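Asks: After the structure tokens below, expect a handful of questions from me.
Please treat every number below as a calculation from the coordinates, not as lab data. Just so it is clear, the structure is predicted and the values come from calculations on it, not from any experiment. Virtual Cβ from ideal backbone geometry, glycine too; neighbours counted across all protein chains shown.
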């Protein structure tokens, strides 16, 4: 068999290998969604959808499974993390892409990427030891646990995602756009904020949505800082809970197949749906960017 035929046979087998791997991944993902969804939807045989999504009364011993406080906590803590982290991340990306000298940029980029390797439990422990006491003393509140502490730690955790993607988006802006703006008399700062950033906006939005997906799925750091109380937060320092933190706290105590256990699976399904929605939004933004 000559080299040409060997190459064709090799290409065919590699193609089949890739197709098999892709199909296997699709089957695994579909199986996870199917299992979580099947168990979660069994909740509605004993609990009405209206009670689950609209009630904040969570007491499994009294057969009350209202998950509104957890959904509300997840959404609010994610939005707060974006409010705190997005401006910092975008500012850092602009600095690294357009202002910092090359030697400093070469130093900061690996340092920024290093944040990703830090386990979330380390962030949670530092927040527990340093941030919670500071918030308690500074704002004169009872505990310091709550949405504020969790959101501030999440904002730090999502910074690498925002900085990296925003920097790449800013660097991808064509140079002629900047040169044309400067040639028309705009200052450097006017060019950055009125030309470069608007041109990089699809990539910036992608970074923010990916950061939101990371924040809403975070478990350990949030569980250590939010207070883990099944009540709707009335302020930033009310101990509350999220979908992920409640699943972690209660997953070891629930009999499989019970309404309690099924409701935790339904919370996981809600998280999957939210994450899927964010991924679809990212794809839509990416497609608009390419168009």
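Asks: Stretched out fully, how many nm does the piece from residue 35 to residue 53 gain, at 0.36 nm a residue minus the Cα gap?
Replies: 4.4 nm
Asks: Below 8 Å, C-alpha to C-alpha, sequence gap of six or more: please give me the relative contact order for the stretch 165-229 in percent.
Replies: It comes to 41 percent, rounded to a whole number.
Asks: Next question, about the same structure. Percent relative contact order of the chain, based on C-alpha pairs within less than 8 angstrom and at least six residues apart?
Replies: 27 percent.
Asks: Taking the alpha-carbon centroid of each part, what is the distance from the stretch 46-111 to the stretch 203-226 in angstrom?
Replies: 4 Å
Asks: What percent does the relative contact order of the stretch 3-144 come to when contacts are Cα pairs within less than 8 Å and at least six residues apart?
Replies: It comes to 8 percent, rounded to a whole number.
Asks: OK, next. Could you state, as a whole-number percent, how many of the C-alpha pairs of the chain are farther apart than 36 Å?
Replies: Tail of P(r) above 36 Å: 33 percent of Cα pairs.
Asks: Along the Cα-to-C-beta direction of residue 116, a point sits 7 Å from the Cα; which residues of the stretch 205-232 have their amide N less than 20 Å from that point?
Replies: Under 20 Å, as judged by backbone N against the label point of residue 116, lie 205-221 of the stretch 205-232.
Asks: Would the stretch 3-45 count as rounded, prolate or oblate if I go by the C-alpha gyration tensor, calling it rounded below 1.5 in a/c and otherwise prolate when a/b exceeds b/c, oblate otherwise?
Replies: Prolate, because a/c is 1.5 or more and a/b exceeds b/c.
Asks: For the stretch 210-291, what class follows from the C-alpha gyration tensor (a ≥ b ≥ c being the square roots of its eigenvalues): rounded when a/c is under 1.5, otherwise prolate if a/b is larger than b/c, else oblate?
Replies: In terms of gyration-tensor shape, oblate.
Asks: Which of rounded, prolate, oblate describes the stretch 35-162, given a ≥ b ≥ c as roots of the alpha-carbon gyration tensor eigenvalues and a/c under 1.5 marking rounded, otherwise prolate only if a/b is larger than b/c?
Replies: Cα axes put the stretch 35-162 in the prolate bin.
Asks: What residues from the stretch 60-87 fall in the zone where the backbone N is under 20 Å from a label point 7 Å along the Cα-to-C-beta line of residue 46?
Replies: So the set is 60-70.
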